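The values are calculated or read from the model by the stated rules, or taken from the named source; none is laboratory data. Treat the numbers as computed from the prediction; the structure is a model and nothing was measured. Glycine also receives a Cβ, built like all others from the backbone with ideal geometry; neighbour counts cover every protein chain displayed. Side chains included, ligands, DNA and RNA excluded: accessible areas come from the protein's heavy atoms. Shrake-Rupley method; radii C 1.70, N 1.55, O 1.52, S 1.80 Å.
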Amino acid sequence: IHPSIQEALMEERPVVALESTIITHGMAYPQNLSMARKVEEIVTANGAVPATVGILRGRIHVGLTDEELESLASSKNVVKVSRRDLPFVLSQGLSGGTTVSGTMIAAHKAGIPVFVTGGIGGVHRGGENTLDVSADLTELGRTPVAVVSAGVKSILDIGRTLEYLETQGVCVAAFGESREFPAFFSRQSGFQAPYHVRNEEEAAELIASALGLGLSSGVLIAVPCPQERAASGQVIEEAIQQALSEARSKGITGKELTPFMLQKLNELTDGKSLDSNLALIQNNARVGSCIAVALNKLQKARRKGNLPHRENTNPAQPVVIGGINVDFIAKARNPVIVGGGQTNAGRVRRTFGGVGRNLADCLSRLGQTPLLLSAMGKDEHSESILHYCHHMDMSAVLQLEGKSTATYCAVITTTGELSVGLGDMDIHQQITEQYVSQFKENLCQAPLICIDGNVPLPTIQYVCQLAREHQLAVCYEPTDENKASKPFLSDSWKALTYISPNLQELKAINRTLGNPLPAGIEYSE
(Lines give C-alpha, C1' and ligand atoms only; values in the text may rest on other atoms or scores of the structure.)
Protein backbone atom coordinates (compact mmCIF):
# COMPACT_ATOMS: atom_id res chain seq x y z
CA ILE A 1 0.00 0.00 0.00
CA HIS A 2 1.48 3.33 -1.05
CA PRO A 3 2.43 5.47 2.00
CA SER A 4 0.03 8.27 0.97
CA ILE A 5 -2.86 5.77 0.83
CA GLN A 6 -1.84 4.17 4.12
CA GLU A 7 -1.72 7.61 5.72
CA ALA A 8 -5.16 8.54 4.34
CA LEU A 9 -6.66 5.31 5.68
CA MET A 10 -5.05 5.79 9.09
CA GLU A 11 -6.40 9.36 9.23
CA GLU A 12 -9.86 8.10 8.18
CA ARG A 13 -9.97 10.19 5.00
CA PRO A 14 -12.09 9.01 2.04
CA VAL A 15 -10.16 6.82 -0.43
CA VAL A 16 -11.39 5.65 -3.86
CA ALA A 17 -9.96 2.51 -5.48
CA LEU A 18 -9.39 2.58 -9.27
CA GLU A 19 -8.75 -0.38 -11.57
CA SER A 20 -5.91 -0.72 -14.05
CA THR A 21 -7.19 -3.11 -16.75
CA ILE A 22 -8.67 -0.05 -18.45
CA ILE A 23 -5.10 1.28 -18.59
CA THR A 24 -3.40 -1.94 -19.71
CA HIS A 25 -6.10 -3.40 -21.98
CA GLY A 26 -8.82 -0.76 -22.47
CA MET A 27 -7.07 2.01 -24.38
CA ALA A 28 -3.92 2.56 -26.40
CA TYR A 29 -0.86 4.43 -25.11
CA PRO A 30 -0.57 7.38 -24.46
CA GLN A 31 -4.33 8.01 -24.26
CA ASN A 32 -4.62 5.41 -21.49
CA LEU A 33 -2.03 7.25 -19.40
CA SER A 34 -3.63 10.69 -19.80
CA MET A 35 -7.01 9.13 -18.95
CA ALA A 36 -5.59 7.51 -15.77
CA ARG A 37 -4.01 10.79 -14.67
CA LYS A 38 -7.22 12.71 -15.38
CA VAL A 39 -9.34 10.26 -13.35
CA GLU A 40 -6.98 10.57 -10.37
CA GLU A 41 -7.17 14.38 -10.65
CA ILE A 42 -10.99 14.27 -10.62
CA VAL A 43 -11.05 12.07 -7.51
CA THR A 44 -8.66 14.44 -5.73
CA ALA A 45 -10.62 17.53 -6.81
CA ASN A 46 -13.77 16.05 -5.26
CA GLY A 47 -12.20 15.52 -1.84
CA ALA A 48 -11.06 11.89 -1.94
CA VAL A 49 -7.71 10.15 -2.30
CA PRO A 50 -7.24 8.07 -5.51
CA ALA A 51 -5.74 4.59 -5.11
CA THR A 52 -5.08 2.97 -8.48
CA VAL A 53 -4.55 -0.77 -8.06
CA GLY A 54 -2.06 -2.64 -10.23
CA ILE A 55 0.44 -5.50 -10.15
CA LEU A 56 4.11 -4.75 -10.62
CA ARG A 57 6.70 -7.51 -10.72
CA GLY A 58 4.61 -9.94 -8.71
CA ARG A 59 3.36 -7.55 -6.03
CA ILE A 60 -0.11 -6.05 -5.65
CA HIS A 61 0.15 -2.26 -5.37
CA VAL A 62 -2.67 -0.16 -3.91
CA GLY A 63 -1.77 3.35 -5.04
CA LEU A 64 0.69 3.90 -7.90
CA THR A 65 3.29 6.61 -8.44
CA ASP A 66 3.20 8.49 -11.74
CA GLU A 67 6.24 6.48 -12.91
CA GLU A 68 4.45 3.22 -12.07
CA LEU A 69 1.33 4.40 -13.91
CA GLU A 70 3.43 5.18 -16.98
CA SER A 71 5.16 1.81 -16.75
CA LEU A 72 1.83 -0.06 -16.75
CA ALA A 73 0.36 2.15 -19.48
CA SER A 74 3.31 1.73 -21.87
CA SER A 75 4.10 -1.97 -21.24
CA LYS A 76 3.16 -4.50 -23.91
CA ASN A 77 3.50 -7.78 -22.02
CA VAL A 78 1.16 -7.24 -19.10
CA VAL A 79 -1.52 -9.62 -17.92
CA LYS A 80 -5.22 -8.98 -17.40
CA VAL A 81 -5.58 -10.09 -13.79
CA SER A 82 -8.81 -11.34 -12.26
CA ARG A 83 -9.25 -13.46 -9.10
CA ARG A 84 -8.19 -16.70 -10.81
CA ASP A 85 -5.02 -15.10 -12.23
CA LEU A 86 -3.68 -13.59 -9.00
CA PRO A 87 -1.82 -16.67 -7.63
CA PHE A 88 -0.01 -17.36 -10.92
CA VAL A 89 0.85 -13.73 -11.72
CA LEU A 90 2.24 -13.13 -8.22
CA SER A 91 4.17 -16.42 -8.11
CA GLN A 92 5.79 -15.68 -11.49
CA GLY A 93 6.69 -12.08 -10.63
CA LEU A 94 4.65 -10.70 -13.52
CA SER A 95 3.01 -7.30 -13.98
CA GLY A 96 -0.62 -6.73 -14.85
CA GLY A 97 -3.75 -4.64 -14.81
CA THR A 98 -6.40 -5.65 -12.29
CA THR A 99 -9.96 -6.22 -13.47
CA VAL A 100 -13.02 -5.24 -11.44
CA SER A 101 -12.73 -8.57 -9.63
CA GLY A 102 -9.00 -8.25 -8.95
CA THR A 103 -9.34 -4.63 -7.84
CA MET A 104 -12.23 -5.42 -5.48
CA ILE A 105 -10.09 -8.03 -3.70
CA ALA A 106 -7.21 -5.59 -3.22
CA ALA A 107 -9.51 -2.74 -2.16
CA HIS A 108 -11.27 -4.89 0.43
CA LYS A 109 -8.01 -6.19 1.89
CA ALA A 110 -6.71 -2.60 2.11
CA GLY A 111 -9.91 -1.40 3.80
CA ILE A 112 -11.21 0.76 0.92
CA PRO A 113 -15.03 0.50 0.62
CA VAL A 114 -15.61 2.43 -2.64
CA PHE A 115 -14.24 1.54 -6.07
CA VAL A 116 -14.79 3.41 -9.36
CA THR A 117 -14.60 1.77 -12.77
CA GLY A 118 -15.97 2.31 -16.29
CA GLY A 119 -18.28 -0.69 -16.57
CA ILE A 120 -18.31 -4.10 -14.99
CA GLY A 121 -18.10 -7.40 -16.85
CA GLY A 122 -21.13 -9.64 -17.06
CA VAL A 123 -22.79 -12.51 -18.87
CA HIS A 124 -21.54 -12.54 -22.47
CA ARG A 125 -24.04 -12.74 -25.29
CA GLY A 126 -24.67 -16.44 -25.84
CA GLY A 127 -23.44 -17.03 -22.29
CA GLU A 128 -26.33 -19.44 -21.68
CA ASN A 129 -24.47 -21.81 -24.06
CA THR A 130 -20.81 -20.88 -23.52
CA LEU A 131 -21.08 -20.23 -19.74
CA ASP A 132 -18.86 -17.20 -20.35
CA VAL A 133 -19.70 -15.21 -17.22
CA SER A 134 -17.33 -12.57 -15.86
CA ALA A 135 -15.74 -13.18 -12.46
CA ASP A 136 -16.76 -9.56 -11.68
CA LEU A 137 -20.27 -10.83 -10.93
CA THR A 138 -19.26 -13.56 -8.47
CA GLU A 139 -16.81 -11.11 -6.87
CA LEU A 140 -19.64 -8.69 -6.26
CA GLY A 141 -21.45 -11.56 -4.55
CA ARG A 142 -18.65 -12.28 -2.09
CA THR A 143 -16.61 -9.13 -1.54
CA PRO A 144 -18.08 -6.18 0.42
CA VAL A 145 -16.99 -3.28 -1.79
CA ALA A 146 -19.26 -0.72 -3.46
CA VAL A 147 -18.59 -0.51 -7.20
CA VAL A 148 -19.52 2.68 -9.05
CA SER A 149 -19.81 2.04 -12.79
CA ALA A 150 -21.80 3.02 -15.87
CA GLY A 151 -23.70 -0.23 -15.52
CA VAL A 152 -22.58 -3.22 -17.57
CA LYS A 153 -20.61 -3.01 -20.81
CA SER A 154 -23.21 -2.90 -23.60
CA ILE A 155 -21.37 -5.62 -25.54
CA LEU A 156 -22.77 -8.05 -22.93
CA ASP A 157 -26.16 -9.60 -22.23
CA ILE A 158 -27.49 -7.00 -19.78
CA GLY A 159 -30.72 -8.80 -18.90
CA ARG A 160 -28.99 -12.04 -17.95
CA THR A 161 -26.29 -10.08 -16.12
CA LEU A 162 -28.93 -8.43 -13.90
CA GLU A 163 -30.50 -11.84 -13.26
CA TYR A 164 -27.10 -13.27 -12.31
CA LEU A 165 -26.40 -10.35 -9.95
CA GLU A 166 -29.74 -11.04 -8.25
CA THR A 167 -28.75 -14.69 -7.78
CA GLN A 168 -25.45 -13.55 -6.25
CA GLY A 169 -27.33 -11.35 -3.76
CA VAL A 170 -25.85 -8.09 -5.07
CA CYS A 171 -27.77 -4.90 -4.28
CA VAL A 172 -28.01 -2.96 -7.58
CA ALA A 173 -29.16 0.66 -7.69
CA ALA A 174 -29.30 3.14 -10.57
CA PHE A 175 -27.95 6.60 -9.70
CA GLY A 176 -30.19 9.60 -10.39
CA GLU A 177 -33.91 10.14 -10.82
CA SER A 178 -34.57 7.08 -12.97
CA ARG A 179 -34.44 3.33 -12.34
CA GLU A 180 -33.29 2.82 -15.95
CA PHE A 181 -30.18 0.64 -15.88
CA PRO A 182 -27.47 2.27 -18.02
CA ALA A 183 -25.76 0.39 -20.85
CA PHE A 184 -22.23 1.79 -20.58
CA PHE A 185 -21.98 3.94 -23.74
CA SER A 186 -25.73 4.57 -23.73
CA ARG A 187 -28.00 5.90 -20.98
CA GLN A 188 -30.76 3.35 -21.64
CA SER A 189 -30.56 -0.43 -21.78
CA GLY A 190 -34.27 -1.25 -21.78
CA PHE A 191 -33.89 -2.83 -18.34
CA GLN A 192 -34.81 -1.45 -14.93
CA ALA A 193 -32.47 -1.58 -11.95
CA PRO A 194 -34.08 -3.09 -8.84
CA TYR A 195 -33.55 0.19 -6.94
CA HIS A 196 -32.32 3.73 -7.44
CA VAL A 197 -30.59 6.33 -5.29
CA ARG A 198 -31.09 9.99 -6.15
CA ASN A 199 -27.81 11.46 -4.90
CA GLU A 200 -24.47 10.81 -3.19
CA GLU A 201 -25.99 10.90 0.31
CA GLU A 202 -28.57 8.22 -0.50
CA ALA A 203 -25.86 6.09 -2.13
CA ALA A 204 -23.70 6.46 0.98
CA GLU A 205 -26.61 5.42 3.22
CA LEU A 206 -27.15 2.34 1.06
CA ILE A 207 -23.48 1.35 1.16
CA ALA A 208 -23.24 1.96 4.92
CA SER A 209 -26.31 -0.21 5.43
CA ALA A 210 -24.80 -3.04 3.36
CA LEU A 211 -21.47 -2.86 5.19
CA GLY A 212 -23.19 -2.68 8.57
CA LEU A 213 -25.15 -5.86 7.90
CA GLY A 214 -21.89 -7.76 7.32
CA LEU A 215 -23.37 -9.63 4.34
CA SER A 216 -19.96 -10.04 2.67
CA SER A 217 -21.43 -9.01 -0.68
CA GLY A 218 -20.92 -5.85 -2.68
CA VAL A 219 -23.13 -3.05 -3.96
CA LEU A 220 -23.36 -1.88 -7.58
CA ILE A 221 -24.16 1.81 -8.18
CA ALA A 222 -24.98 2.27 -11.87
CA VAL A 223 -24.33 5.81 -13.11
CA PRO A 224 -25.57 6.81 -16.60
CA CYS A 225 -23.13 8.39 -19.06
CA PRO A 226 -23.56 12.21 -19.33
CA GLN A 227 -26.35 13.01 -21.79
CA GLU A 228 -24.23 15.20 -24.08
CA ARG A 229 -21.54 12.53 -24.53
CA ALA A 230 -23.68 9.37 -24.61
CA ALA A 231 -23.73 7.33 -27.79
CA SER A 232 -26.88 6.36 -29.69
CA GLY A 233 -28.11 2.97 -28.53
CA GLN A 234 -28.97 1.91 -32.10
CA VAL A 235 -25.55 2.90 -33.51
CA ILE A 236 -23.76 1.04 -30.71
CA GLU A 237 -25.96 -2.07 -31.08
CA GLU A 238 -25.29 -2.29 -34.84
CA ALA A 239 -21.56 -1.97 -34.23
CA ILE A 240 -21.71 -4.62 -31.47
CA GLN A 241 -23.42 -7.14 -33.79
CA GLN A 242 -20.76 -6.57 -36.45
CA ALA A 243 -17.91 -6.85 -33.91
CA LEU A 244 -19.41 -10.04 -32.38
CA SER A 245 -19.65 -11.62 -35.80
CA GLU A 246 -15.98 -10.84 -36.48
CA ALA A 247 -14.94 -12.15 -33.04
CA ARG A 248 -16.75 -15.44 -33.71
CA SER A 249 -15.14 -15.83 -37.12
CA LYS A 250 -11.70 -15.24 -35.59
CA GLY A 251 -12.35 -17.58 -32.64
CA ILE A 252 -11.80 -14.84 -30.05
CA THR A 253 -13.19 -15.87 -26.64
CA GLY A 254 -12.52 -15.59 -22.92
CA LYS A 255 -10.69 -12.65 -21.45
CA GLU A 256 -9.45 -11.54 -24.90
CA LEU A 257 -13.02 -10.89 -26.08
CA THR A 258 -13.79 -7.68 -24.18
CA PRO A 259 -10.60 -5.78 -25.20
CA PHE A 260 -11.17 -6.88 -28.83
CA MET A 261 -14.81 -5.74 -28.77
CA LEU A 262 -14.00 -2.32 -27.28
CA GLN A 263 -11.28 -1.69 -29.85
CA LYS A 264 -13.52 -2.83 -32.72
CA LEU A 265 -16.40 -0.64 -31.51
CA ASN A 266 -14.09 2.38 -31.49
CA GLU A 267 -13.20 1.69 -35.13
CA LEU A 268 -16.78 1.04 -36.24
CA THR A 269 -18.20 4.15 -34.53
CA ASP A 270 -15.39 6.46 -35.74
CA GLY A 271 -14.26 7.09 -32.18
CA LYS A 272 -17.73 7.87 -30.78
CA SER A 273 -17.65 4.88 -28.42
CA LEU A 274 -14.21 5.89 -27.10
CA ASP A 275 -15.42 9.45 -26.54
CA SER A 276 -18.38 8.11 -24.54
CA ASN A 277 -16.04 5.75 -22.70
CA LEU A 278 -13.79 8.63 -21.58
CA ALA A 279 -16.80 10.74 -20.58
CA LEU A 280 -18.43 8.03 -18.48
CA ILE A 281 -15.17 7.12 -16.72
CA GLN A 282 -14.59 10.74 -15.74
CA ASN A 283 -18.21 11.12 -14.66
CA ASN A 284 -18.02 7.93 -12.59
CA ALA A 285 -14.86 9.26 -10.93
CA ARG A 286 -16.69 12.45 -9.95
CA VAL A 287 -19.80 10.66 -8.66
CA GLY A 288 -17.81 7.89 -6.97
CA SER A 289 -15.52 10.25 -5.10
CA CYS A 290 -18.53 12.30 -3.92
CA ILE A 291 -20.13 9.06 -2.68
CA ALA A 292 -16.88 8.12 -0.90
CA VAL A 293 -16.78 11.53 0.82
CA ALA A 294 -20.45 11.21 1.88
CA LEU A 295 -19.86 7.65 3.15
CA ASN A 296 -16.79 8.77 5.08
CA LYS A 297 -18.77 11.56 6.79
CA LEU A 298 -21.59 9.15 7.61
CA GLN A 299 -19.25 6.54 9.10
CA LYS A 300 -17.46 9.15 11.21
CA ALA A 301 -20.78 10.48 12.47
CA ARG A 302 -21.95 6.99 13.38
CA ARG A 303 -18.70 6.18 15.14
CA LYS A 304 -19.09 9.31 17.23
CA GLY A 305 -22.72 8.43 17.82
CA ASN A 306 -23.89 11.90 16.83
CA LEU A 307 -26.36 11.13 14.06
CA PRO A 308 -29.09 13.79 14.31
CA HIS A 309 -31.97 11.29 14.27
CA ARG A 310 -30.49 9.23 17.12
CA GLU A 311 -30.60 10.82 20.51
CA ASN A 312 -27.47 9.80 22.38
CA THR A 313 -27.76 10.53 26.05
CA ASN A 314 -25.11 8.00 27.13
CA PRO A 315 -21.73 8.56 25.48
CA ALA A 316 -20.31 5.32 24.12
CA GLN A 317 -17.68 3.67 26.34
CA PRO A 318 -14.32 2.42 25.17
CA VAL A 319 -14.12 -1.37 25.54
CA VAL A 320 -11.03 -3.17 26.87
CA ILE A 321 -10.69 -6.94 26.35
CA GLY A 322 -7.83 -8.62 28.17
CA GLY A 323 -6.33 -10.22 31.22
CA ILE A 324 -6.63 -9.49 34.94
CA ASN A 325 -3.73 -10.73 37.06
CA VAL A 326 -2.61 -10.65 40.64
CA ASP A 327 1.13 -9.97 40.39
CA PHE A 328 3.69 -10.96 42.98
CA ILE A 329 6.86 -8.98 42.37
CA ALA A 330 10.02 -10.19 44.12
CA LYS A 331 12.99 -7.83 43.85
CA ALA A 332 16.39 -9.16 44.97
CA ARG A 333 18.39 -7.12 47.46
CA ASN A 334 21.81 -8.40 46.27
CA PRO A 335 23.24 -7.95 42.75
CA VAL A 336 23.64 -11.74 42.23
CA ILE A 337 20.67 -14.07 42.60
CA VAL A 338 21.97 -17.36 43.98
CA GLY A 339 20.39 -20.58 42.68
CA GLY A 340 20.48 -24.07 44.13
CA GLY A 341 17.45 -23.74 46.38
CA GLN A 342 18.81 -20.95 48.58
CA THR A 343 16.63 -18.13 49.86
CA ASN A 344 17.68 -14.77 48.47
CA ALA A 345 17.03 -11.67 50.50
CA GLY A 346 14.61 -9.29 48.82
CA ARG A 347 11.33 -7.46 48.93
CA VAL A 348 8.09 -9.13 47.85
CA ARG A 349 4.93 -7.17 47.14
CA ARG A 350 1.55 -7.89 45.64
CA THR A 351 0.13 -5.68 42.92
CA PHE A 352 -2.88 -5.90 40.63
CA GLY A 353 -2.06 -6.14 36.96
CA GLY A 354 -2.90 -7.87 33.74
CA VAL A 355 -2.40 -5.91 30.55
CA GLY A 356 -6.11 -5.45 29.89
CA ARG A 357 -6.79 -4.41 33.49
CA ASN A 358 -3.89 -1.94 33.39
CA LEU A 359 -5.23 -0.33 30.20
CA ALA A 360 -8.75 -0.10 31.66
CA ASP A 361 -7.33 1.37 34.90
CA CYS A 362 -5.44 4.07 32.99
CA LEU A 363 -8.47 4.95 30.85
CA SER A 364 -10.63 5.13 33.99
CA ARG A 365 -8.18 7.50 35.67
CA LEU A 366 -8.30 9.63 32.50
CA GLY A 367 -12.07 9.90 32.92
CA GLN A 368 -13.07 7.52 30.12
CA THR A 369 -14.47 4.63 32.26
CA PRO A 370 -14.18 1.77 29.74
CA LEU A 371 -16.15 -1.46 29.87
CA LEU A 372 -13.69 -4.22 30.83
CA LEU A 373 -14.29 -7.71 29.38
CA SER A 374 -12.18 -10.26 31.26
CA ALA A 375 -12.39 -13.36 33.44
CA MET A 376 -11.28 -14.29 36.96
CA GLY A 377 -12.02 -16.98 39.51
CA LYS A 378 -14.34 -16.65 42.46
CA ASP A 379 -11.65 -16.74 45.13
CA GLU A 380 -9.76 -14.59 47.62
CA HIS A 381 -7.84 -12.90 44.80
CA SER A 382 -11.00 -11.79 42.96
CA GLU A 383 -12.39 -10.12 46.08
CA SER A 384 -9.17 -8.11 46.45
CA ILE A 385 -9.24 -7.15 42.76
CA LEU A 386 -12.82 -5.89 42.92
CA HIS A 387 -12.01 -3.85 46.01
CA TYR A 388 -8.91 -2.34 44.38
CA CYS A 389 -10.73 -1.64 41.07
CA HIS A 390 -13.75 0.07 42.63
CA HIS A 391 -13.22 3.11 40.35
CA MET A 392 -13.54 0.96 37.22
CA ASP A 393 -16.53 -0.56 35.38
CA MET A 394 -16.10 -4.24 36.30
CA SER A 395 -19.77 -5.10 35.72
CA ALA A 396 -19.11 -7.32 32.68
CA VAL A 397 -16.11 -9.27 34.08
CA LEU A 398 -16.75 -13.02 34.40
CA GLN A 399 -16.36 -14.55 37.87
CA LEU A 400 -16.13 -18.32 37.52
CA GLU A 401 -16.61 -20.89 40.28
CA GLY A 402 -13.88 -23.51 40.47
CA LYS A 403 -11.42 -21.46 38.42
CA SER A 404 -8.30 -19.70 39.66
CA THR A 405 -7.79 -15.98 39.14
CA ALA A 406 -4.69 -15.46 37.01
CA THR A 407 -1.52 -14.95 39.03
CA TYR A 408 1.96 -13.97 37.95
CA CYS A 409 5.20 -14.09 39.88
CA ALA A 410 8.22 -12.09 38.69
CA VAL A 411 11.73 -12.23 40.16
CA ILE A 412 13.61 -9.03 39.41
CA THR A 413 17.28 -8.14 39.82
CA THR A 414 18.49 -5.07 41.72
CA THR A 415 18.75 -3.23 38.36
CA GLY A 416 15.13 -3.97 37.51
CA GLU A 417 15.73 -6.66 34.87
CA LEU A 418 13.37 -9.66 34.86
CA SER A 419 15.24 -12.78 35.98
CA VAL A 420 12.37 -15.26 35.81
CA GLY A 421 8.61 -15.04 35.45
CA LEU A 422 6.00 -17.68 36.25
CA GLY A 423 2.34 -17.39 35.35
CA ASP A 424 -0.88 -19.29 36.05
CA MET A 425 -3.09 -17.71 33.40
CA ASP A 426 -5.30 -20.52 32.08
CA ILE A 427 -8.44 -18.54 32.95
CA HIS A 428 -7.71 -16.12 30.11
CA GLN A 429 -8.95 -18.88 27.76
CA GLN A 430 -12.44 -18.16 29.16
CA ILE A 431 -12.45 -14.77 27.36
CA THR A 432 -14.19 -16.52 24.50
CA GLU A 433 -15.80 -15.24 21.31
CA GLN A 434 -19.18 -16.37 22.71
CA TYR A 435 -18.68 -14.29 25.86
CA VAL A 436 -17.38 -11.19 24.05
CA SER A 437 -20.10 -11.34 21.36
CA GLN A 438 -22.72 -10.71 24.07
CA PHE A 439 -21.37 -7.13 24.11
CA LYS A 440 -21.51 -6.65 20.32
CA GLU A 441 -23.59 -3.47 20.64
CA ASN A 442 -21.05 -1.95 23.06
CA LEU A 443 -18.22 -2.91 20.69
CA CYS A 444 -19.93 -1.45 17.60
CA GLN A 445 -20.47 1.89 19.36
CA ALA A 446 -17.08 2.04 21.11
CA PRO A 447 -14.83 4.99 20.19
CA LEU A 448 -11.89 2.70 20.99
CA ILE A 449 -11.41 -1.04 21.55
CA CYS A 450 -8.26 -2.23 23.34
CA ILE A 451 -7.35 -5.91 23.23
CA ASP A 452 -4.31 -7.68 24.65
CA GLY A 453 -2.36 -10.75 23.60
CA ASN A 454 -3.73 -12.86 26.48
CA VAL A 455 -7.05 -13.13 24.66
CA PRO A 456 -7.63 -16.39 22.68
CA LEU A 457 -7.01 -16.20 18.93
CA PRO A 458 -10.67 -16.79 17.83
CA THR A 459 -11.78 -13.88 20.03
CA ILE A 460 -9.13 -11.59 18.53
CA GLN A 461 -10.24 -12.61 15.03
CA TYR A 462 -13.91 -11.97 15.93
CA VAL A 463 -13.13 -8.47 17.25
CA CYS A 464 -11.01 -7.64 14.19
CA GLN A 465 -13.76 -8.81 11.81
CA LEU A 466 -16.28 -6.67 13.68
CA ALA A 467 -13.88 -3.72 13.52
CA ARG A 468 -13.47 -4.12 9.78
CA GLU A 469 -17.22 -4.28 9.17
CA HIS A 470 -18.00 -1.28 11.37
CA GLN A 471 -14.79 0.77 10.87
CA LEU A 472 -13.85 0.63 14.56
CA ALA A 473 -10.57 1.79 16.10
CA VAL A 474 -8.70 -1.13 17.69
CA CYS A 475 -5.55 -0.90 19.82
CA TYR A 476 -3.58 -4.15 20.21
CA GLU A 477 -1.07 -4.59 23.03
CA PRO A 478 1.04 -7.65 22.11
CA THR A 479 1.76 -8.58 25.80
CA ASP A 480 4.83 -10.75 25.16
CA GLU A 481 6.93 -12.27 22.40
CA ASN A 482 4.99 -15.56 22.32
CA LYS A 483 1.57 -13.89 22.06
CA ALA A 484 2.44 -10.88 19.90
CA SER A 485 1.76 -12.53 16.53
CA LYS A 486 -1.83 -13.69 17.12
CA PRO A 487 -3.55 -11.13 14.83
CA PHE A 488 -0.81 -11.62 12.23
CA LEU A 489 -1.56 -15.31 11.68
CA SER A 490 -4.38 -14.18 9.35
CA ASP A 491 -5.62 -10.93 7.79
CA SER A 492 -6.99 -9.84 11.20
CA TRP A 493 -4.11 -7.40 11.75
CA LYS A 494 -5.34 -5.22 8.89
CA ALA A 495 -8.23 -4.14 11.12
CA LEU A 496 -5.85 -2.81 13.80
CA THR A 497 -5.45 0.95 14.23
CA TYR A 498 -2.71 0.98 16.88
CA ILE A 499 -0.18 -1.55 18.12
CA SER A 500 2.43 -1.11 20.84
CA PRO A 501 5.13 -3.80 20.60
CA ASN A 502 8.56 -3.74 22.18
CA LEU A 503 11.48 -4.73 19.97
CA GLN A 504 11.31 -8.47 20.69
CA GLU A 505 7.56 -8.52 20.05
CA LEU A 506 8.06 -6.57 16.83
CA LYS A 507 10.70 -9.10 15.70
CA ALA A 508 8.23 -11.94 16.38
CA ILE A 509 5.55 -10.17 14.34
CA ASN A 510 8.05 -9.57 11.54
CA ARG A 511 8.95 -13.29 11.49
CA THR A 512 5.28 -14.28 11.35
CA LEU A 513 4.74 -12.04 8.32
CA GLY A 514 7.75 -13.67 6.65
CA ASN A 515 9.67 -10.41 6.36
CA PRO A 516 13.46 -10.23 6.60
CA LEU A 517 14.89 -8.48 9.65
CA PRO A 518 16.03 -4.97 8.66
CA ALA A 519 19.78 -4.45 8.83
CA GLY A 520 21.11 -2.74 11.94
CA ILE A 521 18.32 -3.86 14.29
CA GLU A 522 19.90 -5.05 17.50
CA TYR A 523 18.45 -5.89 20.88
CA SER A 524 20.12 -4.16 23.79
CA GLU A 525 20.17 -6.04 27.07
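In table form, for the structure just shown:
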quantity	calculated
Test result for residue 110, of a type in the set (A, V, I, L, M), surrounded by fewer than 24 Cβ atoms within 10 Å (Cβ to Cβ) and touching a residue at least 60 places away in the same chain (Cβ under 8 Å)	yes
Long-range neighbours under 7 Å by Cβ, at least six apart or interchain, first residue touching a residue at least 12 places away in the same chain (Cβ under 8 Å) within segment 378-400, second open to solvent by 60 Å² or more (accessible area, probe 1.4 Å) and small (Gly, Ala, Ser)	379/404
Test: residue in segment 190-203 that is open to solvent by 20 Å² or more (accessible area, probe 1.4 Å) and among the hydrophobic types (A, V, I, L, M, F, W, C)	yes
Residue in segment 276-286 that is in a helix (DSSP H, G or I), open to solvent by 90 Å² or more (accessible area, probe 1.4 Å) and at pLDDT 85 or above present	yes
Residue count, segment 382-423 (criterion: farther than 22 Å from residue 346 by Cβ, of a type outside the set (Ser, Thr, Tyr) and open to solvent by less than 80 Å² (accessible area, probe 1.4 Å))	13
Conditions (1) open to solvent by less than 60 Å² (accessible area, probe 1.4 Å); (2) assigned to a helix (DSSP H, G or I); (3) in contact (Cβ under 8 Å) with a residue 24 or more places away in the chain: number failed by residue 235	(1)
Qualifying residues in segment 119-136 (those that are of a type outside the set (Val, Ile, Thr) and crowded, with 24+ Cβ neighbours inside 10 Å) - the one nearest to residue 164 (Cα to Cα)	122
Selection count where residues are under 32 Å from the mean Cα position of the chain (by Cα) and not acidic (Asp, Glu), scope segment 247-261	5
Total residues in segment 477-497, condition within 20 Å of residue 445 (Cα to Cα) and in a loop (DSSP other than H, G, I, E, B)	2
Wholly enclosed strands (runs of 3 or more DSSP E) of segment 11-101 bearing at least 2 residues under 22 Å from the mean Cα position of the chain (by Cα) and free of Cβ contacts under 8 Å to residues at least 60 places away in the same chain	49-56, 59-62
Residue satisfying all of: in segment 137-170; closer than 20 Å to residue 203 by Cβ and of a type in the set (D, E, K, R); most open to solvent (accessible area, probe 1.4 Å) among these	166
Residues that are farther than 19 Å from residue 218 by Cα and open to solvent by 40 Å² or more (accessible area, probe 1.4 Å), drawn from segment 80-101	87, 88, 90, 91, 92, 94
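To keep it simple, each residue is scored yes or no on (1) closer than 22 Å to residue 18 by Cβ; (2) outside any helix (DSSP H, G or I).
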{"residue": "140", "(1), (2)": "yes, no"}
{"residue": "164", "(1), (2)": "no, no"}
{"residue": "178", "(1), (2)": "no, yes"}
{"residue": "216", "(1), (2)": "no, yes"}
{"residue": "225", "(1), (2)": "yes, yes"}
